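Presented below is the structure to which this report refers.
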Amino acid sequence: SLKQRRCSTAADLSKPPAEYVKVGRSFSIDFPVRTEEAFRMATRRPETKTVHKAIEDVVWNHENNDSFHLQKSEDDTNCYKRVNASHFKLRGRNYLKDNQKYSSASAAYELVCCKVFKTRHKMNNAAKEIESLRSFLADHTDNDYFIINWLVPGHYTVVQLYVRKLPVGEDKAFDKVLKKYREGDAKYRSSRFKLVPEVQEAPMAIKGLINTLLGGLRPVLIGNKLTCTHYTGKNYIEIDIDTGSSRIVSFAASSMVQAFSGITAFTGFLIEGREEDELPERMLAIHSLTKIAIGDVSIDYDYAPSGTTTSAWSFFGRSRSQKINDVKAIKEKRPPQRAHSCLGKIASPRRSAK
């Protein structure tokens, strides 16, 4: 019979389950693991070899010799590459009538480079907070840029920079949806921004985790699942995606970060077309990441926003004793709360014996 184990925190999952794991308050995961060693190898934590570089010295192109670089060969690792958008099928011109999808035309924005930063605190609006990126955008006002800023458990901030290659006026449908997105409010932007992921290669444990927790990888309006913050500047659009805003996605992202040295994945972005004059859809941007040892490619950035207070983000990467002291300090400032059971129901207080 299958063994069951209840876990109240994601930290318990560092212990490999035999065959079945039950996690959290209101959800469970069920995926096969051939051996304990296979599970450890698939979810092992990356070695910390953080690059120490002055934040103002970070170069925003792919031509330097960074450890995180544009792919040079098929067997290259710790790299990213540009992907042909025709790999994905999107809504066609007559989708509202025939529901047909066709291969996308070339992406409107081309990948410039990717950077990974190791930060103590969440870093929203990378275009403003990273001095070298801010200067880069100011020096290239003739170009239009698209920025994805992933806020990843474990103190990591992954910034992906794209530059527009599609001439304005060449695709009127795309220009229309992009203009609506720029001028729309946060609700409109989140309701239209779509993530299109695809895993090419990954350990079996990670594939099982993705299928069970997330129901597999498929196009998703990411703003309906995670907290997305949108910023627009004179010559850029930035979208910050907080993977820690969902307990399920946070756990999946944390496990994938630990195992990313064995993962190759495509990631595409687009603005969903829903009206006839917004079709056919065109891929906004797309890239591939290949077997990233995130601890080896991250750049140490001592970032601290004004008015910072202790938060869940700052717990990641701290020692067990530091976490315990942090929690005690917070509890001392809060009124006592009723305990919750692992199923999410309020536990009834014990009655004193008469």
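Tabulated data
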{"read-out": "Helices (runs of 4 or more DSSP H) completely within region 92-141 that count 2 or more residues being open to solvent by 80 Å² or more (accessible area, probe 1.4 Å)", "value": "95-98, 131-139"}
{"read-out": "In region 102-134, the residues that are small (G, A, S) and without any contact (Cβ under 8 Å) to a residue 40 or more places away in the chain", "value": "S103"}
{"read-out": "Some residue of region 167-186 being farther than 29 Å from V59 by Cβ and touching a Cys at 6+ places or on another chain (Cβ under 8 Å)", "value": "no"}
{"read-out": "Test: residue in region 279-288 that is open to solvent by 10 Å² or more (accessible area, probe 1.4 Å), part of a strand (DSSP E or B) and either in contact with a Cys (Cβ under 8 Å, 6 or more places away or on another chain) or of a type in the set (V, I, T) (or both)", "value": "no"}
{"read-out": "Enumeration of residues in region 75-91 that are in a strand (DSSP E or B), crowded, with 19+ Cβ neighbours inside 10 Å and within 23 Å of the chain's Cα centre (by Cα)", "value": "C79, Y80, L90"}
{"read-out": "Entirely in region 187-267, the strands (runs of 3 or more DSSP E) that have 3 or more residues that are open to solvent by 20 Å² or more (accessible area, probe 1.4 Å) and touching a strand residue (DSSP E or B) at 6+ places or on another chain (Cβ under 6 Å)", "value": "193-201, 227-233"}
{"read-out": "Candidates V168, V177 - the one that is β-branched (V, I, T) and either within 23 Å of G223 (Cβ to Cβ) or in contact with a Leu (Cβ under 6 Å, 6 or more places away or on another chain) (or both)", "value": "V177"}
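Okay, residues lined up against (1) over 25 Å from T243 (Cα atoms); (2) aromatic (F, W, Y):
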position	(1), (2)
Y80	no, yes
L96	yes, no
A108	yes, no
R120	no, no
A127	no, no
L133	no, no
P153	no, no
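The values are calculated or read from the model by the stated rules, or taken from the named source; none is laboratory data. These numbers were taken from a predicted model, which means no experiment stands behind them. Cβ sites come from the backbone with ideal geometry, for glycine too, and all protein chains shown count toward neighbours. Accessible surface is based on the protein model in full, side chains and every heavy atom, while ligands, DNA and RNA are left aside. Shrake-Rupley method; radii C 1.70, N 1.55, O 1.52, S 1.80 Å.
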